[in-house]
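Engineer: Take this structure first; my questions come after.
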Ligand code: COI
């Protein structure tokens, strides 16, 4: 499949935003990648062209039944001035897993990866130069049939857009205060919780809004059946440290298999540290936090990177963790991960690629 590239003229390119003051997802680069799917042609017409609005029929299936999946990955300006990607193929592989679950067509990971490299070459000036900022990359797939009977679409659009971003959360010295959600659930086993589908994020919005109204940074989900086991936070997987030992909820079919999550587990194992993926009972966890046995909590994600959590609020009671300061385990993992991403440390696990 030949990639068509229609780049914009220098006079048509947008001015760059202030890289020191970036609202997450507000600005988009000059170009985007699109590729169409039809039953006759399969995936076809891979094209890089100037960023522009879509024109869609109001009957387009994605607008009615949310047959949509997406990914999030980042490009970084490294300390030597080169631009690097972090585990890009893993995102496209996960997107194909999401596609299967959402009854959407899989695509060739190498085609998407090659397109992304070309797109980044063209829009390199949009990768913020400073550490702490990056270019967030959003591959997306939508159902495009304009017939509103309830059925999987026959046509799809895959696209990639990119946005320069700074830190996702404004985290104070105390870390994030998180509300443990009792009323709503995000997903259930057998549902679409482990797919990176927009619908999962739609399901999370009301709980997050209510948590924010009460002054919390976000909501932590418990499992949808027993409302007892810890699953994930709005935009992040979650980790707990018991001294040196790190624990995270095991993948049970209803939570997102995060790539940052997996990277943390692999990093810890490569250091010979103990890391367990297990069911985490909220009551036991809170007892351990109150007793000072659970010493740290942090969220992980592409957008969130490693975000320290300072307290969990459950059934009207605050449970401060680790004296609400940012602990040594979170700090060590944050540094190790971002040092690899920004080219400050050797990439011993072979996770990065250069544009
Ligand atoms: C990511 O970390 O890539 C996400 O998907 C978070 C996004 C919902 C803001």
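Engineer: Tell me the residue from 103, 97, 91 that is on the phi < 0 side of the Ramachandran plot and surrounded by fewer than 18 Cβ atoms within 10 Å (Cβ to Cβ), please.
Structural biologist: 97
Engineer: Picking from 327, 310, 316, which residue would you name as being more than 16 Å from the ligand (Cβ to nearest atom), closer than 28 Å to residue 23 by Cα and out of contact with any helix residue (DSSP H, G or I) (no Cβ under 9 Å at 6 or more places or on another chain)?
Structural biologist: Working: 310 fails: out of contact with any helix residue (DSSP H, G or I) (no Cβ under 9 Å at 6 or more places or on another chain); 316 fails: closer than 28 Å to residue 23 by Cα.
After applying the criteria, what remains is 327.
Engineer: Moving on. Name every residue in region 242-267 that is crowded, with 21+ Cβ neighbours inside 10 Å and in contact with a helix residue (DSSP H, G or I) (Cβ under 8 Å, 6 or more places away or on another chain), in order of residue number.
Structural biologist: 246, 248, 256, 259, 260, 263, 264 - these are the residues of region 242-267 that are crowded, with 21+ Cβ neighbours inside 10 Å and in contact with a helix residue (DSSP H, G or I) (Cβ under 8 Å, 6 or more places away or on another chain).
Engineer: Quick one: is residue 215 assigned by TED's automatic domain parsing to the domain that holds residue 266, part of a loop (DSSP other than H, G, I, E, B), at pLDDT 95 or above and in contact with a helix residue (DSSP H, G or I) (Cβ under 7 Å, 6 or more places away or on another chain)?
Structural biologist: Working: assigned by TED's automatic domain parsing to the domain that holds residue 266: yes; part of a loop (DSSP other than H, G, I, E, B): yes; at pLDDT 95 or above: yes; in contact with a helix residue (DSSP H, G or I) (Cβ under 7 Å, 6 or more places away or on another chain): no.
No; evaluated as a whole, the condition is false for this residue.
Engineer: Next up: Suppose we filter 179, 239 for residues that are within 17 Å of residue 300 (Cβ to Cβ) and touching a helix residue (DSSP H, G or I) at 6+ places or on another chain (Cβ under 9 Å); which single one remains? Give the derivation first.
Structural biologist: Numbers: 179 fails: within 17 Å of residue 300 (Cβ to Cβ).
From the options 179, 239, the qualifying one is 239.
Engineer: From the list 315, 332, exactly one residue is more than 24 Å from residue 245 (Cβ to Cβ), in the same structural domain as residue 211 (by TED's automatic domain parsing) and more than 17 Å from the chain's Cα centre (by Cα). Which is it?
Structural biologist: On the way: 332 fails: more than 24 Å from residue 245 (Cβ to Cβ).
Every option except 315 fails the conditions.
Engineer: Identify, by number, the condition in (1) away from the ligand (no atom under 13 Å from the Cβ); (2) within 20 Å of the chain's Cα centre (by Cα); (3) touching a residue at least 40 places away in the same chain (Cβ under 8 Å) that residue 229 doesn't meet.
Structural biologist: (2)
Engineer: Quick one: count up the residues across region 234-254 that are within 16 Å of the ligand (Cβ to nearest atom) and either touching a residue at least 40 places away in the same chain (Cβ under 8 Å) or not assigned by TED's automatic domain parsing to the domain that holds residue 200 (or both).
Structural biologist: Total meeting the criteria: 5.
Engineer: Output the residue which, of all residues in region 9-34 that are part of a strand (DSSP E or B) and touching a helix residue (DSSP H, G or I) at 6+ places or on another chain (Cβ under 7 Å), is nearest to residue 104 (Cα to Cα).
Structural biologist: 33
Engineer: Look at region 329-354 and say how many of its residues are under 22 Å from residue 274 (Cα atoms) and in a helix (DSSP H, G or I).
Structural biologist: 12
Engineer: Let me ask another. Name the residue that is modelled with the lowest pLDDT, counting only residues in region 288-305 that are under 17 Å from residue 249 (Cβ atoms) and surrounded by fewer than 24 Cβ atoms within 10 Å (Cβ to Cβ). Let's see the steps before the verdict.
Structural biologist: First pass over region 288-305, keeping only residues under 17 Å from residue 249 (Cβ atoms): 288-289, 294, 296-301, 304.
From what is left, the residues that are surrounded by fewer than 24 Cβ atoms within 10 Å (Cβ to Cβ) are 288-289, 301, 304.
Details: 288: 97, 289: 97, 301: 96, 304: 91.
Step by step, filter region 288-305, then rank; the result is 304.
Engineer: Out of curiosity, is residue 105 modelled with pLDDT of 95 or more and within 22 Å of residue 198 (Cα to Cα)?
Structural biologist: When the stated conditions are applied, residue 105 passes them.
Engineer: In region 165-181, what residues are part of a loop (DSSP other than H, G, I, E, B) and at pLDDT 95 or above?
Structural biologist: 181
Engineer: Within region 73-94, can one find any residue that is more than 22 Å from residue 163 (Cα to Cα) and part of a helix (DSSP H, G or I)?
Structural biologist: Within region 73-94 (the criterion being more than 22 Å from residue 163 (Cα to Cα) and part of a helix (DSSP H, G or I)), the answer is no, since none of the residues qualifies.
Engineer: List pairs: first in region 194-220 and touching a residue at least 24 places away in the same chain (Cβ under 8 Å), second surrounded by fewer than 19 Cβ atoms within 10 Å (Cβ to Cβ) and in a helix (DSSP H, G or I), Cβ under 6 Å, 6+ apart or cross-chain?
Structural biologist: 195/101
The values are calculated or read from the model by the stated rules, or taken from the named source; none is laboratory data. Since the model is a prediction, treat every value here as computed from it, not as a measurement. Don't worry about glycine lacking a Cβ; one is built from the backbone with ideal geometry, like all the others, and counts go over all protein chains shown.
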